[in-house]
Every structure is written in structure tokens, then in C-alpha cells.
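Student: I'd like to ask some things about the structure below.
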Amino acid sequence: MKKLFVISGSSGVGKGTVIKKFLEKNPNFKLSVSCTTRAKREGEEHGVNYYFLSREDFMKSVENGEFLEWAEFSGNCYGTNKKFVQQCLDNNEDILLEIDTQGALQVKKKMNNSVLIFIMPPSLDELERRLRGRGTETEEAIQKRLNTVKSEMENAKCFDYKVVNDEVDRAVEEIEKIIRNEQV
Ligand code: 5GP
């Protein structure tokens, strides 16, 4: 049975960079485009980065059972399109979900072919240093993010694999190895 790979990681851990690199090296993998109620950031496109929905439309999709999983993260809703995932699996295509830990645990419960990978910072101190290094957040916002990190680490205990992002190329290689081993 085709495996469904799910990657999660705290903000500030460099997950975006790792996934981008992975997809460059493995163009056969499709990244699922999620729906979200959060505002579009500069440079983002509807249908490419996310499907940007109003909260009302998002909730309609929830009621219609269109999401494989969905969760609220930092005041916005995010959900994975069930039909897209099923189509990829049916067509024997390689698929990757990049979602938060709450969503990942929902996927684990529903799909017994799922493989959960959590990207870890080298240490919590390092993550705090990276978050502070951005210099854009207030002390309150930093504390909020660090508290989220703690609950994410707690959820990560249920993940199948943990990969430390000490160095991007090395982390990508470790993920490739995990995937190769799972696909045999
Ligand atoms: P951002 O707003 O920075 O793009 O994403 C915030 C968080 O939402 C990230 O941790 C990201 O992995 C997560 N996320 C993105 N799409 C989904 C989704 O479809 N479901 C869930 N549960 N989380 C998602």
C-alpha cells in the first residue's frame, strides 16, 4: 500500500527550507496544498501555497467532510483536502503533507499507511535563539511561540521519526533514507 508521508515541525525550526530542498531533489513527490483561513502573505498565490478561504467557507467544507484533518493554529484554521490525498494514493503517486502536529495525529488515527516525521531543532535553546534572532517578535509573542513548541514536542512523542535539523542537507538525506526504507 502506498505510504502517506507527513512532516511537522515547530516554527523557527527551518522546516520550510528542508521541505523545499527535499522536493527539489525528489520531484516525483507532490506536496498537498492545504486550505486556510489565514490572510495571504506577500508573494503567496491562491492554489499554489494554499487555498485561501473565508472562515465561513472553511467551516462549510468541515461540515461537508471535505478535510482529511483540520486544526486551528495560532488563531487560523488549516485543513487537508481529503479528495486530493485519496486521488494521489489511488494513482500510486508519492505525496507529502506539511501540517501541524495536531493535524498529523489525526492523520495517524485515520490512515494506517501514514508515516509521521517530526523536524526537531538542535535544542530548545537554539530554537529560542533563532526565534529571537529574527528580531521581529515581541517578548510576549516569543513566549507564546515557545509554549506552542512545548505542546508540539509533547505531540511529537507519537511520531514515527524525529529528524534534527542541525544542517539542512543532512536532515534532507535522513528524511530520504526514512522514506526509502518505508517504501520497500
Ligand atoms: P503558516 O501559516 O506559517 O503557513 O502555517 C502555520 C502552521 O500550519 C504550520 O505549522 C503548518 O505546518 C500548518 N499547516 C499548514 N497546512 C496545514 C493543514 O492542512 N493542516 C494542519 N493541521 N496544519 C497545517
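Student: Kindly sort D90, D166 by accessible area of their heavy atoms, largest first, with the probe set to 1.4 Å.
Tutor: From most accessible down to least: D90, D166.
Student: Can you compute the charge dipole magnitude of the chain about its Cα centre, using +1 on each Lys and Arg Cβ and -1 on each Asp and Glu Cβ, nothing else charged? Give it in debye, rounded to the nearest 20.
Tutor: 220 debye
Student: Another question, then. Pull out the extension gain between E63 and K3, defined as 0.36 nm times the separation in residues minus the alpha carbon to alpha carbon distance; nm, one decimal.
Tutor: Contour length minus the Cα-Cα distance gives 18.9 nm.
Student: Roughly what would the spin-label model give for V168 and L31, points 7 Å off Cα along C-beta, in nm?
Tutor: Placing both labels 7 Å along Cα→Cβ, they lie 1.2 nm apart.
Student: Percent antiparallel among DSSP beta bridges with both residues in region 1-142, to the nearest 5?
Tutor: Approximately 35 percent, going by the DSSP bridge assignments.
Student: Follow-up. Considering the options V62, T37, P27, tell which one lies farthest towards the positive end of the dipole of region 1-133, charges being +1 on Lys and Arg and -1 on Asp and Glu at the Cβ, about the Cα centre.
Tutor: P27
Student: Thinking of region 59-162 as a set of Cα atoms, what percent of all their pairs are more than 24 Å apart?
Tutor: The share of Cα pairs beyond 24 Å in region 59-162 comes to 35 percent.
Student: Using the Cα centre of region 62-184 as origin and beta-carbon charges of +1 (Lys, Arg) and -1 (Asp, Glu), tell me which of N76, G135, Q102 is placed farthest towards the positive end of the dipole.
Tutor: Of the listed residues, the answer is Q102.
Student: Shifting gears a bit: What FRET efficiency would be calculated for the residue pair E182, D125, taking the C-beta separation as r and a Förster radius of 45 Å, to the nearest 0.05?
Tutor: Working from the Cβ atoms, E equals 0.90.
Student: Could you give me D for the chain, from Stokes-Einstein at 4 °C and 1.567 mPa s, where the hydrodynamic radius is the Kirkwood radius over C-alpha pairs? Units µm² s⁻¹, please.
Tutor: 76 µm²/s
Student: Please identify, among E137, E72, E98, the residue showing maximal mean-square fluctuation in a Gaussian network model of the chain using a 10 angstrom Cα cutoff.
Tutor: Maximum among the listed residues: E137.
Student: Give me the percent of the accessible area of the chain that comes from carbon and sulfur atoms, probe 1.4 Å, all protein chains in place.
Tutor: Summing carbon and sulfur atoms, their accessible area is 48 percent of the total for the chain.
Student: Full-extension gain between D160 and T17, please, as 0.36 nm times their residue separation minus the C-alpha to C-alpha distance.
Tutor: 49.4 nm
Student: Ok, one more. Where a Cα-Cα gap under 27 Å defines reach, which lysines qualify for K25, not counting those fewer than 8 residues away within the same chain?
Tutor: K2, K3, K15, K82, K83, K108, K162, K177
Student: For the chain, what is the accessible area per residue in Å² when the probe is 1.4 Å?
Tutor: Solvent-accessible surface per residue comes out at 56 Å².
Student: Note the full-extension length gain between S74 and K40 as 0.36 nm times their separation in residues minus their Cα-Cα distance, in nm to one decimal.
Tutor: So the chain would gain 10.8 nm between S74 and K40.
The values are calculated or read from the model by the stated rules, or taken from the named source; none is laboratory data. Keep in mind it's a predicted model, so treat the numbers as computed, not measured. Virtual Cβ from ideal backbone geometry, glycine too; neighbours counted across all protein chains shown. Heads up: the accessible areas ignore ligands, DNA and RNA and are worked out on the full protein's heavy atoms, side chains in. Shrake-Rupley method; radii C 1.70, N 1.55, O 1.52, S 1.80 Å.
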